[in-house]
Amino acid sequence: MGGPPRYTWRFDVVLENLPLLLTGLWLTCTLTVLCMLLGLGVGLVVAFGRLSRWRLVRAVAFAYTELFRTTPLLVQIVWVFYVLPIVSGITLSPFFSGLLALGFNVGAFMAEIYRAGILSVNPGQTAAGLALRMTRAQTMRRVVLPQAVTRVIPPMATMWVSLFKDTSILSAIGVIELMFRAREIATDTYRPLEIFTVVAVLYFVLTYPQSLAVNALYRRFRMQE
Amino acid sequence: MADAMIRVQGLHKHFGTLHVLRGVDLAVARGEVVVIIGPSGSGKSTFLRCLNRLEEPSRGRIFLEGTDITHPKVNLPRVRRQIGMVFQHFNLFPHRTALENVMEGPSTVLRMSRADARVRAQALLDKVGLADKLDVKPSALSGGQQQRVAIARALAMDPKVMLFDEVTSALDPELVGEVLTVMKRLADEGMTMLVVTHEMQFGEKVADRVVMFDEGAIIEEGPPKKIFSRADHERTRRFLSQLHWDVS
C-alpha cells in the first residue's frame, strides 16, 4: 500500500462547537462596526486636518496617515497592546486595544478617501459658493461635501469589506473573535483541518455578498457622474 | 469720477514669480457697462477675480462705493454679496435643480424663508426665460440655459455690480445669443457690469467703454466705436484684427 494514510474528516466536531464559534463571529461583526465608526470619525477629522490652512495641523495629519499606512497592521496592533500601556501607564483590555489600533488604522485610510473625494470636486464649485457670499464652511457643507459623498461611498465600502476580514488579526492579542475561537477549538479537539476549513467558508460566505454589494455601488455611482 | 461704483488703484497680483497684474487703475461709474478685452493671459480674469477677492490682490486698493474692500478688517462675505459673478464654466451646483441653485444664496446666506427665496428664484428664472425649467438638474440643460441659470443665481443676491468672466466662451455658437440677450437686458436696466468677453459685437452694442488689457495692464480705453475702428495703440489694432480674422 502506498501513499499517506487516509484522513477521516469529522465535521460533527465542528457542529458540536458551532455555538462557541458563533459567539466569536458575533464579536467579529461587532468589532467591524465599531472600528468602522471610529475610522469614519477619525478619518473625517484627519482629512480636514490635511486640508487645513495651518501648516502645523497639516503636518500632524500628514504624519499620522503616513505612519499608519507604512507600518504593518499587525505591528500596530501588537504595539498598542504591549507597548502603549508601558509608555502611557494606561492598560486596556485586548478588546479596546484592538478596537483602537484597528479603528485608527482605518481612520488613516479613510482620511485619504475623504480627502481624494473633496479634492475631486471642481474648484469652480468653491468659487461659485464663495461668490454667492457663502462662508468657507457653508461652501464646504452645502456645495462640496454633497458632491464628494457619491465619490467616497464606493471606496468606503471596499474599506469595510477588507476591515471585516482584517479583524481576524486581532486574535493575535487575544480578542475572542471568530479566528481566536477557531484556534481555541482546534487546540481542544485536535481537529484544526475541519475547524479552519469551516472558518474559511464562513468568512467567504459573509464577505462575498458584501463584495458584490460594493461592485453594485461602484456601478450605481459611476452612472450618476 | 465722483459717483464711482468701483475704483481700483495700483492693483498688482503675483502668482509666485509670475507678475500677472502690473498696476491696474480703473474707475467704473454707477450703471456703466465696461467691456474688457485683451489676449489670453493678459490678466483679465485675474482682474475680475480680484474685484470680489476670489484672488487676493498682492498690492493696490479697491473701493466699492467708497469702501476700501482690500482693507484687512473688511467683512468679506458682505463685499462679495454686492458683487455678483458669472463664470466661464457656469459652476452650477450639479446636485441641485435650477430653482434650488438660484434659491441657495437667498436661503443660506440671506436667511430668507424658503417660501420667499422660492418666489425670488422663480421670478429671476422667469426673467432669464427659464420659467419652464425650474425643477431640472443642470446636467439636463443646454450650456446656454445653464449660463442663464448662473446669471439668475448671481442676481438672486441683489448685487450692485455684476462680473462676467468669458461667460459665452464655453458655449456652442448658436447658444451665445440667448445669454447675450439676457446680459443686454440687464445693462438696459442700469446694472453696473464688467464684462470680459471676445464677443466684439456685444461690446459694440452694449458697452459704454472698452478697456484693453495687455501683459497685466490697461494699455488703452475708450468708447467702443473708437476702440474698434481707430484704436490709438498698435497692440490693440493687431489684437482686434486677429479676432476678426479668426471669425471670418
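Listed values, structure above:
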item	result
Contact surface B-A: accessible area buried, both sides summed, square angstrom, 1.4 angstrom probe	1700
Segment B:93-157, accessible surface, carbon-and-sulfur percent (1.4 angstrom probe)	47
Extension reserve of the B:Asp172-B:Asp208 stretch, reckoned as 0.36 nm per residue once the Cα distance is removed	10.3 nm
Test item: B:87-94 mean partner chain Cβ contacts at 10 Å	5
Label point at A:Arg219 placed 7 Å out along Cα→Cβ; residues across segment A:133-170 whose backbone nitrogen lies under 20 Å	A:150-159, A:161
Segment A:34-219, accessible surface, carbon-and-sulfur percent (1.4 angstrom probe)	71
Mean-position separation - Cα centroids, segment A:185-204 and segment A:37-112, in angstrom	32
Percent of beta bridges antiparallel (DSSP, the protein assembly as shown, rounded to nearest 5)	55
Anchor B:Lys137: lysines whose Cα lies under 24 Å away (excluding residues fewer than 8 positions away in-chain)	B:Lys127
Helical mean residue ellipticity (222 nm; -39500 (n - 2.57) per DSSP H run of 4+; nearest 500) of the protein assembly as shown	-18000 deg cm²/dmol
Part-to-part distance (alpha-carbon centres) for segment B:1-79 and segment B:153-206, which is given in Å	19
Rel. contact order, % - alpha carbon contacts under 8 angstrom, at least six apart, chain A	28
Residue-normalised accessible area of chain A, expressed per residue, 1.4 Å probe, Å²	55
Calculated FRET efficiency for the pair A:Tyr190/A:Leu73, C-beta based, R₀ 35 Å, to 0.05	0.70
Cα→Cβ-extended label distance, 7 Å offset, between A:Leu119 and B:Asn75, nm	3.6
Average other protein chain Cβ within 10 Å of Cβ, residues B:44-56	1
Relative contact order (%) - criterion: Cα under 8 Å, at least six apart; region: segment B:1-43	39
Computed E for B:Glu221/A:Leu44 - FRET, C-beta separation, R0 60 angstrom, nearest 0.05	0.75
Listed peptides B:85-92, A:67-74 by packing density, highest first (mean Cβ within 10 Å)	B:85-92, A:67-74
Placed amide H near B:Ala29: partners under 5 Å, 5+ positions off or other chain	B:Met5
Residues of segment B:93-157: accessible area per residue with a 1.4 Å probe, Å²	38
Relative packing of peptides A:163-174, A:136-147 - highest average C-beta neighbours within 10 Å first	A:163-174, A:136-147
Simple spin-label estimate for A:Cys29 and B:His14 in nanometres, 7 Å along Cα-Cβ	6.3
Residue among A:Ala101, A:Phe81, A:Ile185 farthest towards the positive dipole end of chain A, charges placed on Cβ	A:Ala101
Percent of beta bridges antiparallel (DSSP, chain B, rounded to nearest 5)	55
Kyte-Doolittle mean at least 0.0 and Cα axial length at least 24 Å: DSSP H helices in chain A	A:18-50, A:94-119, A:145-166, A:192-224
Accessible surface ranking that places the most exposed of A:Leu40, A:Leu178 first, with a 1.4 angstrom probe	A:Leu40, A:Leu178
Relative contact order (%) - criterion: Cα under 8 Å, at least six apart; region: chain B	26
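The values are calculated or read from the model by the stated rules, or taken from the named source; none is laboratory data. These figures come from a predicted structure and were not determined experimentally. Counting neighbours? That spans all protein chains shown, and the Cβs are built from the backbone with ideal geometry, glycine included. Just the protein is used for accessible areas: all its heavy atoms, side chains included, with ligands, DNA and RNA removed. Shrake-Rupley method; radii C 1.70, N 1.55, O 1.52, S 1.80 Å.
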